[in-house]
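These notes concern the structure reproduced below.
The values are calculated or read from the model by the stated rules, or taken from the named source; none is laboratory data. Everything numeric in this text was worked out from a predicted model, so none of it was measured. Quick reminder, even Gly has a Cβ in these numbers, built from the backbone with ideal geometry, and neighbours come from all protein chains shown.
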Amino acid sequence: MSEIESVKKRDGSIVDFTPQRITNAIYRAAVAVGGRDKSTSEKLAEKVVHALEAQTPEGETPTVEQIQDIVEKTLIEEGHAKVAKAYILYRAERARLREQREERRAEPSGNIPWAKLWRILDWAVEHNFHTVEHLNERIRKGELSEIVGASEAFYQEDVENAANLVAQRKDDLRMVIIAGPSSSGKTTTTIKLGERLARHDMHLVTLNVDNYFFDLEMHPKDEFGDYDFETPQALDLVLINEHLTRLFAGEEVRIPFYDFKTGTRQLEQTLMKLAPNEVILIDSLHGLYPDMTKDISPEKKFRLYIEPLLQLKAPDGRYIRWTDIRLIRRMLRDASHRAYDPTKTLLHWHYVRASELRNIIPYLNTTDYIVNSGMPYEMPMYKAKLFDEFARWTEEYKDDPLRADAYERASRVYKLMQSLEPIKDDSIVPENSVIREFIGGSIYEY
């Protein structure tokens, strides 16, 4: 057992010292460069703890920065240069993001689709639901059906445009990649896109990349026992590339099967071969991540990105964050389809968001088309479903330094929900809506 009991965080708060966090940090860095040896990570973490104990005077509390410095030094001295580099780069990235938040920089981001946002904002202004105040007013006037109708039509138009662009490249395309962050609406959009492409005699055949997950025991996890599935390195990217290359060459391949109940993968399970008019579909968080399809030439790929790019300004003058919309969507979907406690979704979201910022968002503007799945009416509807939960989380995590991320998100959403006119009856949502993917009651099977 470690002699050190506490550690000082960057904000000055004191939390329990958990050696397992060091093991997890080292293992995550190893996974990023292709390593899967947990026992080595544990041995290296033990060396870090011993060095930390030797360097920390009795009665003093070490800081997070001190621990990270020792981790870097230990990795290099023990001959793990590649892992050390991955750890250093990740640490530097986190420092840069903290600096940007502290300075509140307003520099335009290259990861934001400005032209698309302008089109969405212009549409929202035209329909008079570009602010919470205007949206509330229209709801109170009994105009909800008009709001829903306009929102759904706008989304359907986006999907139709995407299908037409895919069809224009029919002769050369062999795969369609539908990517986007968690709970952006990829599954419903994929179904709708497939319906439209069938009219052009193009048939999407899904390559389910979830079957390419490594065994659960090879995934990193944190001190709370939460596994990190959100990184692209959780997938066997080498095997995905090999199978795609062989499929496009006209060969048969046997797809693996991943059993989520046992957390294990079985290789060479399902036979797959493409017909002449069949196009591979990859519906994945990390579809845009270059290594997933690096061996496939660009002219064979159409890359579609999905995100709820809602342009709705809250009373504090800030636009509603898309990540908050998706957080709520995932809470509802997890609770409805997976019997998953929304609290667990909230506490896991920092993994989701960190991976998005590293592995999804940077490739947003490399896509061929962007579909907006955001609906102005969905946040008022979510208030009626989760308002009390957000109020509880805001109070429960207020003074917990280990749950600072959960508190920040919960309190922000709770404040927003207080200003929204609730929509208690969700029967107004069409059965083929992308929103049904999260609240249930869809005509589609997920």
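Does region 294-309 contain at least one residue that is more than 24 Å from residue 173 (Cα to Cα), in contact with a Ser or Thr (Cβ under 6 Å, 6 or more places away or on another chain), surrounded by fewer than 17 Cβ atoms within 10 Å (Cβ to Cβ) and touching a residue at least 60 places away in the same chain (Cβ under 8 Å)? No, region 294-309 contains no residue that is more than 24 Å from residue 173 (Cα to Cα), in contact with a Ser or Thr (Cβ under 6 Å, 6 or more places away or on another chain), surrounded by fewer than 17 Cβ atoms within 10 Å (Cβ to Cβ) and touching a residue at least 60 places away in the same chain (Cβ under 8 Å). Of all the residues in region 1-44, those that are surrounded by 19 or more Cβ atoms within 10 Å (Cβ to Cβ) and free of Cβ contacts under 8 Å to residues at least 12 places away in the same chain number 0. Candidates are the residues of region 328-349 that are aliphatic (A, V, I, L, M) and over 16 Å from the mean Cα position of the chain (by Cα); the one that is surrounded by the fewest Cβ atoms within 10 Å (Cβ to Cβ) is 339.
Quick grid of which residues meet (1) surrounded by fewer than 18 Cβ atoms within 10 Å (Cβ to Cβ); (2) modelled with pLDDT of 95 or more:
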{"residue": "372", "(1), (2)": "no, yes"}
{"residue": "395", "(1), (2)": "yes, yes"}
{"residue": "405", "(1), (2)": "yes, no"}
{"residue": "416", "(1), (2)": "no, yes"}
{"residue": "444", "(1), (2)": "yes, no"}
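Please specify each residue of region 8-39 satisfying the condition of being among the polar types (S, T, N, Q) and under 16 Å from residue 86 (Cα atoms). Correct list: 23, 24.
As for region 234-250, it holds at least one residue that is at pLDDT below 90, among the small types (Gly, Ala, Ser) and under 24 Å from the mean Cα position of the chain (by Cα). Filtered by the rule that a residue be part of a loop (DSSP other than H, G, I, E, B) and under 20 Å from residue 342 (Cα atoms), region 424-433 gives a lone residue, 424. Looking only at region 317-339, which residues are assigned to a loop (DSSP other than H, G, I, E, B) and in contact (Cβ under 8 Å) with a residue 40 or more places away in the chain? Passing the criteria: 320, 321. Being under 21 Å from residue 286 (Cβ atoms), out of contact with any Ser or Thr (no Cβ under 8 Å at 6 or more places or on another chain) and free of Cβ contacts under 8 Å to residues at least 40 places away in the same chain narrows it down to one residue among 345, 366; which is it? Unique residue meeting the criteria: 345.
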